[in-house]
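Novice: For reference, the structure I am asking about is given below.
Quick note: the coordinates plus some simple rules give every number you see, no bench work behind them. Quick caveat, the model's predicted, so the values are computed rather than measured. Here the Cβ positions follow ideal geometry from the backbone for every residue, glycine too, while neighbour counts run over all protein chains shown.
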Amino acid sequence: MSEGISRTTFVVGLIIAILVSSLISIFVTMQWARGPKGDKGDKGDQGLQGPQGEQGPPVAFAEWDVHWRTLTGDLEWGAVIGTSVFCSTFDYNWGTGTIFLGYDDYVGFEAYMQVKMRRDGPFTFEIGSDDGARFYIDDILKLDNWSQGSYRTKSALIYLTQGFHTLKIRYYEVGGPSRVSFYCDSDILMWYE
């Protein structure tokens, strides 16, 4: 051995050289076994589309047909001022702002909605109003909130038979804040035709 290198340094250097040589050999072997990377092939044809499933029957959603009117000083209906549509359940809180077509006081509406009961049984209905509201089923008064005052709600559990029924809401606003709401069991608000 030469004079400047100790035996330990020589052995450590030899071990490192063997390890590096082994790693290089393994790397070259793996690259050679893998081969060069080829070009990407063309995209294959798309498979056939499966058959389309049966389409269910169309779904109908109930909505309110709203007829707006002015209101006289003795709380009688005045002139018809327009129509609009409300979704099946709603909560309109106008505060002291405009309610409909520039009217903020002495205005109201009658609204009609047809629903289809898929079952016999009890259903929950609720109206809320500031000022007055009444709720009818098949022209029979079911909830009466027909007085001036701040927002309040009334609800009832009402038994109905399977089939179509007509709901009606009458609402009026005399002065101050205005709000009207309607809620019911959701299963009567959509049905398959």
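Novice: Which of the lysines could a cross-linker span from K154 if the Cα-Cα distance has to be under 21 Å and same-chain partners fewer than 8 positions apart are dropped?
Specialist: The qualifying lysines are K142, K168.
Novice: Report the net charge of residues surrounding F90, where surrounding means a beta-carbon distance below 11 angstrom and charges are Lys +1, Arg +1, Asp -1, Glu -1.
Specialist: Local charge sum for F90: -1.
Novice: Charges on Cβ only, +1 for Lys and Arg, -1 for Asp and Glu, centred on the Cα centroid of segment 95-177; of I158, Y112, Y172, which one is farthest towards the dipole's positive end?
Specialist: It is I158.
Novice: P(r) tail for segment 143-185, what percent of Cα pairs lie past 17 Å?
Specialist: So the pairs more than 17 Å apart make up 42 percent of the total in segment 143-185.
Novice: Is segment 51-193 rounded, prolate or oblate when judged by the Cα gyration tensor, a ≥ b ≥ c being the square roots of its eigenvalues, rounded requiring a/c under 1.5 and prolate requiring a/b larger than b/c?
Specialist: prolate
Novice: Could you rank the peptides 166-177, 76-87 by their average count of other C-beta atoms within 10 Å per residue, with the highest value first?
Specialist: So the order, starting with the most tightly packed, is 166-177, 76-87.
Novice: Which of rounded, prolate or oblate describes segment 91-164 when judged by the alpha-carbon gyration tensor and an a/c cut-off of 1.5?
Specialist: prolate
Novice: Sticking with the crude label model, points 7 Å out along Cα→Cβ, report the distance from W94 to T70 in nm, one decimal please.
Specialist: About 1.5 nm separates the two model spin labels.
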